[in-house]
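Since the structure comes first, as structure tokens, the remarks are kept for the end.
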Amino acid sequence: MPKLNLKSSKPRIALVVSRFNEDVTYGLRDGALAYLAEQGVEVQPEHIFPAPGAFETPLLAKKLAQTGKFDGVVCLGCVIKGDTAHFEYISLGATIGLMSATLETGIPITFGILTTYNDDQATVRSRKDSHNKGREAAAACLESLTTIASIMAVSA
């Protein structure tokens, strides 16, 4: 991914990281932090917030966005399909919740929640490479901030 030319020299980014499936979610967190650091964006340790699971991320992200202290929120989690419909409910709830939160607050809240059919798929998407979903969610957050800055400049 190319280095972005952000309008804001120091965007303030928060991370919400699910503790459920933490072997995977901590890999996503590390990928997001690595990407942000490559872009010159430092995330303070106190700006990384734990969530019990993926289902709880929308509320936490919305509260962070509402504080006015952050320009964007990157949400990271992992839901792996089991033998019941639980996977569908959690995945859909997290998806709709995060979309609603970003639309209500006007703050980029990005979706770095894996929804996989098995552990192997989750592990592959949380490795330290360019296909890390945490990196992709962090990139989407910064790109959204850049585009919002461009929109605001045109409308001024």
**Asked** Inside the range 105-122, can you point out the residues that are within 14 Å of ILE13 (Cβ to Cβ) and in a loop (DSSP other than H, G, I, E, B)?
**Response** ILE107, PRO108
**Request:** Write out, first by first residue and then by second, each pair whose Cβ atoms fall under 8 Å of each other, whose residues are 6+ apart or on separate chains, and whose first residue, in the range 123-151, is within 21 Å of ASN21 (Cα to Cα) and in a helix (DSSP H, G or I) while the second is at pLDDT below 95 and of a type in the set (Ser, Thr, Tyr).
**Result:** LYS133/SER126; GLY134/SER126
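Restrict the check to the range 79-96 and report whether at least one residue is without any contact (Cβ under 8 Å) to a residue 60 or more places away in the chain and acidic (Asp, Glu).
Within the range 79-96, one or more residues are without any contact (Cβ under 8 Å) to a residue 60 or more places away in the chain and acidic (Asp, Glu).
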**Message:** Condition check: among the hydroxyl-bearing types (Ser, Thr, Tyr) and outside any helix (DSSP H, G or I). Does THR102 satisfy that?
**Reply:** no
**Asked** Can you name every residue in the range 1-25 that is farther than 24 Å from VAL124 by Cα, in a loop (DSSP other than H, G, I, E, B) and at pLDDT 85 or above?
**Response** LYS10, PRO11, ARG12
**Complete:** Of the residues in the range 37-58, those that are in contact (Cβ under 8 Å) with a residue 40 or more places away in the chain, out of contact with any Lys or Arg (no Cβ under 8 Å at 6 or more places or on another chain) and among the aliphatic types (A, V, I, L, M) come to ALA54
**Complete:** Of (1) out of contact with any helix residue (DSSP H, G or I) (no Cβ under 6 Å at 6 or more places or on another chain); (2) over 30 Å from VAL154 (Cα atoms), PHE55 fails just (1)
**Prompt:** In the range 44-95, what count of residues is obtained for those that are touching a Pro at 6+ places or on another chain (Cβ under 8 Å) and either surrounded by fewer than 16 Cβ atoms within 10 Å (Cβ to Cβ) or assigned to a helix (DSSP H, G or I) (or both)?
**Reply:** 2
**Asked** How many of the residues making up the range 14-64 are within 12 Å of the chain's Cα centre (by Cα) and at positive phi?
**Response** 0
**Prompt:** Based on what the data block shows, is THR105 among the polar types (S, T, N, Q), in contact with a Lys or Arg (Cβ under 7 Å, 6 or more places away or on another chain), surrounded by fewer than 20 Cβ atoms within 10 Å (Cβ to Cβ) and at pLDDT 95 or above?
**Reply:** yes
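The values are calculated or read from the model by the stated rules, or taken from the named source; none is laboratory data. A quick note: this is a predicted structure, and the numbers were derived from the prediction, not measured. Positions of Cβ are backbone-derived with ideal geometry, glycine not excepted, and every protein chain shown enters the neighbour counts.
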